[in-house]
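The values are calculated or read from the model by the stated rules, or taken from the named source; none is laboratory data. Note that the structure is a prediction, hence the values are computed from the model and not measured. Here the Cβ positions follow ideal geometry from the backbone for every residue, glycine too, while neighbour counts run over all protein chains shown. To get the accessible areas, we keep the full protein, side chains included, count just its heavy atoms, and leave off ligands, DNA and RNA. Shrake-Rupley method; radii C 1.70, N 1.55, O 1.52, S 1.80 Å.
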Amino acid sequence: MIPVNEPLLGDREAELVLECLRSGWISSAGKFIDDFEQRWAAYCGRRYGIAVSNGTAALQVALACTGLKPGDEVILPSFTIISCALAVIYNGGVPVLVDCDPRTWCMDVDQVKRKITQKTGAIMPVHIYGHPVDMDPLIDLAKAHNLAVIEDAAEAHGAEYLSGKNTPAPAWRRCGSFGDMSCFSFYANKLVSTGEGGMVLTDDPALADRARSFRNLCFQPDRRFYHEELGFNFRLTNLQAALGVAQLERMEQIVARKRSMGQTYNGLLEDLDCLKLPAEEPWAKNVYWMYGVVLSDEAGMDASELAQKLKERGVETRPFFLGMHEQPVLKKRGLFMDENYPVTERLAQRGLYLPSGLALTEEQMRNVCQAIHEVLS
Ligand SMILES: Cc1ncc(COP(=O)(O)O)c(C=O)c1O
């Protein structure tokens, strides 16, 4: 079976993890935590990094830092992972959805304006499967309405967005450099992985201090076991951070490899008219975190049938996200009643992603595409 994801870990990871073991710094203090935070923030063009235990925790901490009040609304895409909605709900907020763009599969920015109300507190753009959201109009909208922006860049390590594309001086900016705070996951299938892990980035020193406090149970700096706010234990370990530091040393290579894998898949599949391949807008550099394909009506099958047929041929895949408005647990809470997001619904039914891990070989990619041709021809 060709796995949907296999991480690529090297000798450097082993060396740095061993250094933690030998030095005894195995918990949430130690030089690799600081190093990882500083290097990741610098890579993304931010001032401060706060490492946390996973990407869901990063979103939860970031929203807590915005001072969301009970009942405040947060606008997010319907096509995303449930972590985004959970972070809003656990902070006492109300998730409000917009559909996604049929080309990029990211939040449809034009729809955001229509969902802004007196209760809106924040917008949460999510870069989907490695392609950036169109950030400039979103940031303008947030500024005009005085809303916080929490950028979810969990799936977009190293992806870039051409900011100011309609101005005389456009500039490429990395995903994770936008908004008040940005959030990352370092789960095993991410470009940089610490096994489990996450990070919040910000340029604001006060927000950075708040995030550090929330991460660590809101201990007071001057009176340790005295608490004025409800915190979390979302600490990352030095052992995990060591993995991240080792991978950051070869970040350029990792991003180049992912982009070239995406282009290889594009080349091997472009002749199939019944498949829609991932987009790369002129203002975007996609890192193809997961290489997704969407079946057109002419394909004569939906994604679950294709997944089954590929499994029979030794190819593992994953279905696309199911929309937030179709999640039983959220519907049970009375959310999104009678709401429809047709683009999301279509993607959920007709989309899946192919093996995309960094350890995937060219030969495996060719075998995957051969299997797809067999099934669809
Ligand atoms: C867009 C997005 N946000 C948040 C998360 C949550 O990250 P984690 O699994 O590390 O909690 C993920 C996980 O893949 C994700 O894809």
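Annotations
Quick grid of which residues meet (1) open to solvent by 40 Å² or more (accessible area, probe 1.4 Å); (2) among the hydroxyl-bearing types (Ser, Thr, Tyr); (3) more than 21 Å from the chain's Cα centre (by Cα):
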residue: ILE2; (1), (2), (3): no, no, yes
residue: GLU6; (1), (2), (3): yes, no, no
residue: ASP11; (1), (2), (3): yes, no, yes
residue: LEU18; (1), (2), (3): yes, no, yes
residue: GLY24; (1), (2), (3): yes, no, yes
residue: SER28; (1), (2), (3): yes, yes, yes
residue: GLU37; (1), (2), (3): no, no, no
residue: TRP40; (1), (2), (3): no, no, no
residue: TYR48; (1), (2), (3): yes, yes, no
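- Test: residue in segment 126-149 that is open to solvent by 10 Å² or more (accessible area, probe 1.4 Å), farther than 27 Å from GLU73 by Cα, free of Cβ contacts under 8 Å to residues at least 12 places away in the same chain and away from the ligand (no atom under 14 Å from the Cβ): no
- Odd one out for THR344, checked against (1) in a helix (DSSP H, G or I); (2) out of contact with any strand residue (DSSP E or B) (no Cβ under 7 Å at 6 or more places or on another chain): (2)
- Close contacts from segment 346-368, counting a first residue that is in contact (Cβ under 8 Å) with a residue 60 or more places away in the chain and closer than 23 Å to SER296 by Cβ and a second that is among the β-branched types (Val, Ile, Thr) and open to solvent by 30 Å² or more (accessible area, probe 1.4 Å), with Cβ to Cβ under 7 Å and a gap of 6+ residues or different chains, come to MET365/THR264.
- Checking GLY164 against (1) open to solvent by less than 60 Å² (accessible area, probe 1.4 Å); (2) touching a Cys at 6+ places or on another chain (Cβ under 9 Å), the condition it does not meet: (2)
- Entirely in segment 21-121, the helices (runs of 4 or more DSSP H) that have 1 or more residues that are among the hydrophobic types (A, V, I, L, M, F, W, C), closer than 21 Å to GLU326 by Cβ and within 13 Å of the ligand (Cβ to nearest atom): 55-65, 82-90
- Complete set of residues in segment 237-271 that are assigned to a loop (DSSP other than H, G, I, E, B) and either open to solvent by less than 20 Å² (accessible area, probe 1.4 Å) or out of contact with any helix residue (DSSP H, G or I) (no Cβ under 9 Å at 6 or more places or on another chain) (or both): GLU270
- Contacts under 6 angstrom Cβ, first residue in segment 72-86 being hydroxyl-bearing (Ser, Thr, Tyr), partner near the ligand (Cβ under 10 Å from one of its atoms) and assigned to a strand (DSSP E or B), 6 or more apart: THR80/VAL126
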